[in-house]
Amino acid sequence: MKLRLLSVVLAGFGLVPLHGALDQSLQVLAAVGREGQGNEAAGAAWKEVVTSGPACLPALLAATGKGSPVADNWLRVAGETIVGNARQQGQAVPVAEMEAFLKDTARAPAARRLAFDLLKEADPARAEAVVPSLAHDPVQELRRGAVQQLIDAAQSIQGDPARAAFLKALDVVRDEDQTRLIAGALRNLGVPVDLPRHFGFLREWQIIGPFDNAGRQGFETVFPPEKEIQLAATYPGKDGPVKWQPAASQDEYGKFDFNKPLGMLKEVTAYAVTTFDAPEECEAELRLGCKNAWKIWLNGQFLFGRDEYHRGQKLDQYKLKCRLHKGPNTILVKCCQNEQKELWTVEWEFQLRVCDGAGTAILAAATPAP
């Protein structure tokens, strides 16, 4: 087993080798279920792991990210306790191994985040020195610290150097709050920022509706656009014939508002379709923000949906993994509006972008150069 091989390696570093009992305890922690299944056994296993001390940290990291979030919490607390105890007792912590683990992007994101946090607790200076190398990291939480360093550096200077520094930060930023800050700073410096391009928002659509959603039945009702995409067709709608019409979002965060072309309607369903011309076949994510009930199809294949209303909307609220064909890809969005009349329920909108797993925009093949 990998853990037994690791024990030999650790012995070579002069650290305490791992034993079968510890291997088993880590497996018990990694197997705790989402509803707490295995918590009773995990308590004893947790004590075994913590008692083993710093030598078990590489194995603990390797076990992280392979089970449920609850299991990862058990392993995280065990790791934090081990490092805390080691600092109090003056014990050596395998920081070089933890740093190497952190830099291995093939490792599970949750495990790499834990590796950074433990490294920061054990050796803050060493962790701080690693941060700049994470600016292009595929794990967004690790990237954020590197971006913040770039922002801090840019804010400490003025003129052309500040412009160059903020542009460098814009190239790697993915979080909305940091992006807003950087874009605002650049605009104040006279530099235009194309946020739709930066995020990869889709803003050009063909829409059709309204169809019915009385009694919230529209979510499960299969209306014609779910059977075929014929842009020249006309279908029976809620209040008469409906047909496809072009519509576009002017919002720089890609929000498409059905209320604008169709009116302030309730108990209705509408569809939006677009074609995304992928530059190559690739793994991708469709990231959606929506506070209405919705469904999404890619090239005729249903991806996912949520039948709930007005629970709030934010950037990248839902992340749908998919695979894009090279060339045209058809993306269909279904969006339902319910019967509520309160002011905060009038929104009938969504935002959708195409990106990779790190949140970096995937731009259509014909996208003009900036």
* **Top-ranked residue of segment 221-240 - restricted to ones that are closer than 21 Å to N299 by Cα, touching a residue at least 24 places away in the same chain (Cβ under 8 Å) and not hydroxyl-bearing (S, T, Y), ranked as surrounded by the fewest Cβ atoms within 10 Å (Cβ to Cβ)** => L231
* To do: Determine which member of the set T330, T269, T360, T345 is at pLDDT below 95 and closer than 26 Å to I208 by Cβ.
  => T345
* Structure fact -> Exception for L195 within (1) more than 21 Å from the chain's Cα centre (by Cα); (2) within 30 Å of I151 (Cβ to Cβ); (3) aliphatic (A, V, I, L, M) falls at (1)
* **Test: residue in segment 213-226 that is touching an Asp or Glu at 6+ places or on another chain (Cβ under 9 Å), among the β-branched types (V, I, T), at pLDDT 95 or above and not assigned by TED's automatic domain parsing to the domain that holds I151** => yes
* **Failed criterion for R174 (all others in (1) closer than 29 Å to G53 by Cα; (2) outside any helix (DSSP H, G or I); (3) not assigned by TED's automatic domain parsing to the domain that holds A63 hold)** => (1)
* Asked: Just one of E97, E121, E80 is touching a Pro at 6+ places or on another chain (Cβ under 8 Å) and at pLDDT 95 or above; which is it?
  -> E97
* To do: Select from segment 242-261 the residues that are among the aliphatic types (A, V, I, L, M) and either modelled with pLDDT under 95 or surrounded by fewer than 16 Cβ atoms within 10 Å (Cβ to Cβ) (or both) and list them in ascending order.
  => A248
* Structure fact -> By residue number, the members of segment 328-345 that are closer than 27 Å to G263 by Cα and buried (at least 16 other Cβ atoms within 10 Å of the Cβ) are I331, L332, V333, K334, C335, C336, Q337, N338, T345
* Asked: Here are some conditions: (1) touching a His at 6+ places or on another chain (Cβ under 7 Å); (2) in the same structural domain as Y253 (by TED's automatic domain parsing). A361 meets all but one. Which one does it not meet?
  -> (2)
* Name the single residue, out of those in segment 120-135 being of a type in the set (A, V, I, L, M) and farther than 13 Å from A146 by Cβ, that is surrounded by the most Cβ atoms within 10 Å (Cβ to Cβ). => A122
* Asked: Within segment 288-331, which residues are closer than 17 Å to V268 by Cβ and acidic (D, E)?
  -> D307, E308
* **helices (runs of 4 or more DSSP H) wholly inside segment 50-158 containing at least 1 residues that are more than 30 Å from R187 (Cα to Cα) and without any contact (Cβ under 8 Å) to a residue 12 or more places away in the chain** => 69-89, 95-103, 109-122, 124-130
* Output yes when any residue across segment 305-327 is assigned to a strand (DSSP E or B), surrounded by 21 or more Cβ atoms within 10 Å (Cβ to Cβ) and hydrophobic (A, V, I, L, M, F, W, C), and no when none is. => yes
* Do we have any residue at all in segment 271-287 that's in contact (Cβ under 8 Å) with a residue 40 or more places away in the chain, over 22 Å from the mean Cα position of the chain (by Cα) and farther than 12 Å from N329 by Cα? -> yes
* To do: With respect to D72, determine if the residue is charged (D, E, K, R) and touching a Lys or Arg at 6+ places or on another chain (Cβ under 8 Å).
  => no
* To do: Using the structure shown, decide if K295 is closer than 30 Å to V193 by Cα, assigned by TED's automatic domain parsing to the domain that holds R203, at pLDDT 95 or above and within 20 Å of the chain's Cα centre (by Cα).
  => no
* Asked: Consider C355 against the criteria (1) hydrophobic (A, V, I, L, M, F, W, C); (2) surrounded by fewer than 17 Cβ atoms within 10 Å (Cβ to Cβ); (3) under 13 Å from E283 (Cα atoms): it satisfies all of them except one. Which criterion is unmet?
  -> (2)
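The values are calculated or read from the model by the stated rules, or taken from the named source; none is laboratory data. Everything numeric here is computed off the predicted structure, so don't read it as measured data. Every residue, glycine as well, gets a Cβ built from its backbone with ideal geometry; the counts of neighbours run over all protein chains shown.
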